[in-house]
Amino acid sequence: MHLSARTLLLVTGLAGMTAGAQDPAQTSVDDENAIYAFRSLEMQDVARVAELYRLTDTFGPALWPGFDTRQIPIAVNHDDREEMLFAHPAPPSEFEPTDALRIAGQPVLIRDGSTRYGPRGGGWAVDLAGHQTAYVCTLQPRQSTEEYLSLLIHECFHVYQRRFQAMPSAGWKEAPEDDAEYCARIGLESAVLQAMLVTEDDERIRELARQFVAVRQARYALLDEAQIRGEAINEYNEGTATYVQARLYQLLADRGAPEPESEIAHYGRFENAGRLYADTLSRIDPPDDQLIQFHHCQYQNGMAICLALDRLRPSWKMEMKEAGRTQYDLLAIEMAVAQEDEAALLEKAEEQFGYANLLAAQTGILEERLATIRGYLDAPGRRYRIHHREIAGRFNWKPAGPVYRAPTSMLDDQPPNGASVWAGGILRFERGELDFTGQPVPMIFRQDYLEWIDPEPTEGDLVIESESQEGDVHTEVKIRTDGFEMTVPKARIVRTEGRVDIHPIDR
């Protein structure tokens, strides 16, 4: 970026803004994260994908019938500087083959820059050139090779899900986030499921499964049809993908990992698979001091239902192919709890797993949390409202203070999917993920526009700098306020009385 070519837009003041990229040559040798960020792509990155192929080749139908990672496009983001692409049927033209990195006899495709997401160790199933693709980052500092392979298999399964069964993408809504009874009943489900999976007594397993169905039916009574549909879709999506990870640990603990074709650094071939599986089961029932929300349910309880079906209804995976059928649907069919039996089963589960104490704990946690957030909402300070949609253009967001999350029910006097910024930090309301540059917490990758409102603006409150400008469209935009800093590759900036709207634009 050339400073001399920049156009500077000061919304409320004349102060400029400077920024510069870190020079790798000046990176401290003691800074593990910085050193890691500047390493080059190497054969190890390819070897890990090859090992993923070998794992799924080895376990095949025992893992999931028809799930073949060799047939799934995989994109690997290397520190937001370059990407590798594997098995894509129609790769974009900017990806070029390299003979230096090969897999299954074919050159790996490489491109400069990143398609979509930044390097934070996560993964997504995304549309890349019209094809669903498992998009992950290279192995991160302090992330084991086993964890990385587990992430790869999770994201590959998300791509496979869309081929295996189409689920509705509309007609549903989010579940409540500030209802203590709803939270406590999720916790009760978790406790029943965990007990079901750690017992070897077949009769006890079926008894607990019937209790679980009764507990869930009681929780469904708190929701409307659209919320129940939303739960079912999300539990299917994340629960089955998390199940495949857990099932892999089961199989590895029982049979061991195959010999890799080439040496993979820091790879113990899942010698700890038994512990990994046990840890997976231990996370089904959350700690007593944790606010239990559906995010837990869709991953952990969704996975647990699948593991239970392995024992109760072995044909469940093939039966799931019927459009719209979820793991809970199949468990409810298998257990077939009569309506007249639900109350007794629910009472038994509540007594056995301490529901009264669970409800009291969730009520206390939620009351304290909401009081804290209400204090933030009532605190003096400017408000920055952030509205979201998914965009492909990359941008970074760095907060000046901590980040807090509020339930959507507290937005009666706030804009939908908005956020407030005050002297102490950022209060987030939106449902998308956040990932703040240089921070270990979740950069916004879903944004429609940022609306800045301040009845008494002062010089320097909001400074917007861009490399070039054509009308109200700015490129390489940098935004600075007292609450945050943000960079956007391209944006339309519209100023009206009392506010500034910033609309990021896809490249």
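The values are calculated or read from the model by the stated rules, or taken from the named source; none is laboratory data. Only a predicted model underlies this, so the values are computations on that prediction, with no experimental measurement involved. When we count neighbours, we look across all protein chains shown, and the Cβ atoms used for this are built from the backbone with ideal geometry, even at glycine. All accessible areas refer to the heavy atoms of the entire protein, side chains included, with ligands and DNA or RNA removed. Shrake-Rupley method; radii C 1.70, N 1.55, O 1.52, S 1.80 Å.
Odds and ends about this structure:
- Residue check for Asp202: within 20 Å of Asp329 (Cα to Cα) and modelled with pLDDT under 95: no
- Test: residue in segment 267-277 that is modelled with pLDDT of 95 or more, part of a helix (DSSP H, G or I), among the hydrophobic types (A, V, I, L, M, F, W, C) and under 26 Å from the mean Cα position of the chain (by Cα): yes
- Residue in segment 43-56 that is crowded, with 17+ Cβ neighbours inside 10 Å, modelled with pLDDT of 90 or more, small (Gly, Ala, Ser) and part of a strand (DSSP E or B) present: no
- Hits in segment 172-229 (condition: open to solvent by less than 40 Å² (accessible area, probe 1.4 Å), farther than 17 Å from Gln290 by Cα and in contact with a Pro (Cβ under 9 Å, 6 or more places away or on another chain)): Leu223, Gln227
- Assessment of segment 124-131 against the conditions (in contact with a Leu (Cβ under 9 Å, 6 or more places away or on another chain), modelled with pLDDT of 85 or more and open to solvent by less than 20 Å² (accessible area, probe 1.4 Å)) yields at least one matching residue.
Residue-by-condition table, conditions (1) within 22 Å of Gln161 (Cα to Cα); (2) at pLDDT below 95; (3) open to solvent by 70 Å² or more (accessible area, probe 1.4 Å); (4) more than 24 Å from the chain's Cα centre (by Cα):
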residue: Asp30; (1), (2), (3), (4): no, yes, yes, yes
residue: Val76; (1), (2), (3), (4): yes, yes, no, no
residue: Glu83; (1), (2), (3), (4): no, yes, no, no
residue: Pro91; (1), (2), (3), (4): yes, yes, no, yes
residue: Thr98; (1), (2), (3), (4): no, yes, no, yes
residue: Gly122; (1), (2), (3), (4): yes, yes, no, no
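- Pair list, Cβ under 8 Å, 6 or more apart: segment 482-503 residue over 12 Å from Asp472 (Cα atoms) and assigned to a strand (DSSP E or B), other residue of a type in the set (Lys, Arg) and at pLDDT below 75: Phe484/Lys398; Glu485/Lys398; Met486/Lys398; Pro489/Arg394; Pro489/Arg507
- Among residues of segment 242-266, those that are assigned to a helix (DSSP H, G or I) and open to solvent by less than 30 Å² (accessible area, probe 1.4 Å), counted: 8
- Residue within segment 310-331 that is farther than 28 Å from Val244 by Cβ and either open to solvent by 50 Å² or more (accessible area, probe 1.4 Å) or at pLDDT 95 or above (or both) present: no
- Test for Ala356: is it open to solvent by less than 40 Å² (accessible area, probe 1.4 Å), closer than 17 Å to Tyr182 by Cα and of a type outside the set (S, T, N, Q): no
- Figure legend. Inter-residue proximity from segment 141-153: first residues over 12 Å from Val244 (Cβ atoms), second residues among the aromatic types (Phe, Trp, Tyr), beta-carbon distance below 8 Å, spacing 6+ or different chains. Indicated pairs: Pro141/Tyr36; Thr145/Tyr267; Glu146/Tyr267; Glu146/Phe270.
- Output for segment 267-284, where each listed residue is open to solvent by 60 Å² or more (accessible area, probe 1.4 Å) and within 22 Å of Thr240 (Cα to Cα): Arg275, Ser282, Arg283
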